[in-house]
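Each remark here refers to the structure printed beneath this line.
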Amino acid sequence: MEMRNPAIGASKVHIGRLVDRYPVLEICRNDLEGAFEILRAAFRGGRKTLICGNGGSASDAEHWAGELLKGFRKSRKLHTDPASLSANLRNRLQGGLPIIPLTGFPAFSTAFANDVAPELTFAQLVWVLGVESDCFIGISTSGHARNVCLAAEVAQGRRMTRIALTGEDGGDLRSLCDLTIRVPERETYLVQELHLPIYHCLSLMLEDEFFSIDDAEVR
């Protein structure tokens, strides 16, 4: 019978399943474990994560945030003091992890791009929203996305822990981050095809870490 200990499931089982499905990602195993440890420490410490990317990577940032803000495979039932919420809210809301996709904020982004500089919109948001020991995730297939690199530079100045998700080269973003998960492809669409199973795996690992194994799975 498969072990159901959350720590084992988070660090070993899900990565093993990922590599079984995508053997090419064996090269990313250690970095996946490292990214999980960074995110686990941030969320355990009551910190949040800021995430950004462009184009398809913007969609990936939104997608990944969505998996953490609500139930992914589990219902993430709330276990709160009955007096703190009505029964209706307590039974319908779900547990989540604090992650903010910087790809939103359309009113701010268009105003800042027009009034100041479009390449600094993510950087401005990191400056305002980020604090020390928060986590920053930058997604870029090439690793050279200028606005993502500038945001990572601000995150570095804010003493945030920084993770990059890139293609094989890692680009300029690699030197600005504490850890870079580099999938072994260079062409944009092929990199993106490997990014999705990477962040789904990390979402499963974090869900096992932070939410009860007894919660019913989401269907």
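Derivation of every value follows stated rules applied to the coordinates shown; laboratory data play no part. On a predicted model such as this, the values are computed, not experimentally measured, just so you know. For neighbour counting, all protein chains shown are included, and Cβ atoms are generated from backbone atoms with ideal geometry for every residue, glycine included.
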Three principal axis lengths of the range 158-213 [C-alpha, angstrom, descending]: 38, 31, 12
Quick one: length gained pulling L196 to S86 fully straight, 0.36 nm per residue minus the C-alpha distance? 35.9 nm
On alpha carbon coordinates alone, what is the Rg over Rh value for the range 106-166, Rh being the Kirkwood radius? 0.98
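Whole number please: convex hull volume per residue of the Cα set in the range 65-128, in Å³? Working shown, then result.
Values: hull volume 7.6 nm³, N = 64.
Hull volume over Cα atoms, normalised by residue count, gives 119 Å³.
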Among the aspartates and glutamates, select those whose C-alpha is under 13 Å from the C-alpha of K74, and discard any that sit fewer than 8 residues away in the same chain. E207, D208, E209, D214, D215, E217
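What is the ratio of the Cα radius of gyration of the range 20-116 to 2.2 N^0.38 Å, where N is its residue count, to two decimals?
Details: Rg = 17.5 Å, N = 97, 2.2 N^0.38 = 12.5 Å.
It is 1.39.
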Quick check on the chain: of the DSSP beta bridges with both residues there, what percent are antiparallel, nearest 5%? 10 percent
State the Kirkwood hydrodynamic radius of the range 18-59 in Å, one decimal place, computed from all pairs of distinct Cα atoms. 12.3 Å
Say a site is exposed when it is one of the GluC sites (Glu not before Pro), sits in a DSSP loop, and has at most 12 other Cβ atoms within 10 Å; what is then the longest site-free stretch of the chain? 3-131
Please report, to one decimal in angstroms, the Kirkwood hydrodynamic radius of the chain built from all distinct Cα-Cα pairs. 17.9 Å
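What does the extension gain come out to for E26 and T110, with contour length at 0.36 nm per residue minus their alpha carbon separation?
Details: separation 84, 0.36 × 84 = 30.24 nm, distance 4.03 nm.
That works out to 26.2 nm of additional length.
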Would you please give the FRET efficiency between E119 and L93, computed as 1/(1 + (r/R0)^6) with r the Cβ-Cβ distance and R0 = 30 Å, to the nearest 0.05? 0.20
Give me T161, T141 ranked fewest to most by other Cβ atoms within 10 Å of their Cβ, as a rough exposure proxy. T161, T141
